[in-house]
1. Need pairs with beta-carbon distance below 8 Å; first residue under 15 Å from T87 (Cβ atoms) and within segment 46-60, second modelled with pLDDT of 95 or more and among the hydroxyl-bearing types (S, T, Y); sequence gap 6+ or separate chains.
2. Of the conditions (1) under 20 Å from A160 (Cβ atoms); (2) part of a helix (DSSP H, G or I), T31 clears all except one; give me its number.
3. Filter segment 150-194 for residues that are loosely packed, with under 14 Cβ neighbours inside 10 Å and assigned to a loop (DSSP other than H, G, I, E, B) and give the result.
4. Can you pull out every residue in segment 1-26 that is free of Cβ contacts under 8 Å to residues at least 40 places away in the same chain and more than 18 Å from the chain's Cα centre (by Cα)?
5. Can you name every residue in segment 66-87 that is at pLDDT 95 or above and of a type in the set (D, E)?
Amino acid sequence: MTLEQALSAGDVACFQLRLKGSDDATIRAATAKLMPICHEEDVAFIMNDRPDLARDLGCDGVHIGPDDASYANARRMVGPDVMIGVTCKNSRHLAMDLADEGADYVAFGAFYPTTTKDVAELEPADPEILSVWSETTNVPCVAIGGITVKNCEPLIAAGADFIAVSSGIWNYAGGPAAAVRAFNEKIDQTPRGP
C-alpha cells in the first residue's frame, strides 16, 4: 500500500529495485510483487545491476554501474527495447562514451552523503557537471546520491532531468506520499538550468 500511495502522489518516472546482496529468489519475488504496482501507476520498473534478471522478468529497464556488466554486454542481454541507464559518478568523459554507445540516460553523483553506497573514497560530484551535460547533449541526466527535499533545488536548477531518491522518500518525516508531493513541488517551482 505504501508504494501505491507514493507512486500515485505525484509525477514519478520510474522505480528502481535495488536489493544488493539479495539472492535471485528474493529479487524475483520482490519484482513479482512490485512491478505490477508500478505498471498500474504507469511508472517504469528498473532492475538495478542485473541485466539478466531484467530480461528474464520483463523489466522496463536496467541500471548499471561502472563495476557491473558493461553497457555492450547489458544491451546484448536485454535487447534493443529495454532502457539502460548508467552511473558515471563524476566523470563527464565516461558519460560521453556511454551516451555514444547508446545509453538511454546517464547518472551523476553522489552529490551528497548517502547511506545506499560507500562513497567515502569518492570526490562528491559538483552540480556544474549537470549544467555542462545539459548544455552539450540531449541524453537525459539523473542526479543521484543523498538527495532530499531540502537539498534538491541546486541539482534541479543545474539541469538534472531527473533526480533519483531513496531515503529522501522512504524516510521522509511525513511519509513517502508526502515526500513525492514535496519533490514535485520543488521540481515545479525551481527555475531550471540550461
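The values are calculated or read from the model by the stated rules, or taken from the named source; none is laboratory data. Being a predicted model, the structure only gives us computed values, none of them experimental. So basically every Cβ, Gly included, is an ideal-geometry build from the backbone, and we count neighbours across all protein chains shown.
1. Within 8 Å, the pairs are M47/T31.
2. (1)
3. Quick first cut of segment 150-194, residues loosely packed, with under 14 Cβ neighbours inside 10 Å only: 150-151, 170-171, 173-174, 185, 188-189, 191-192, 194.
Matches in segment 150-194: K150, N151, N171, A173, G174, P191, R192, P194.
4. Matches in segment 1-26: M1, E4, G21, S22, D23, D24, A25, T26.
5. Listed by number, the list holds a single entry, D81.
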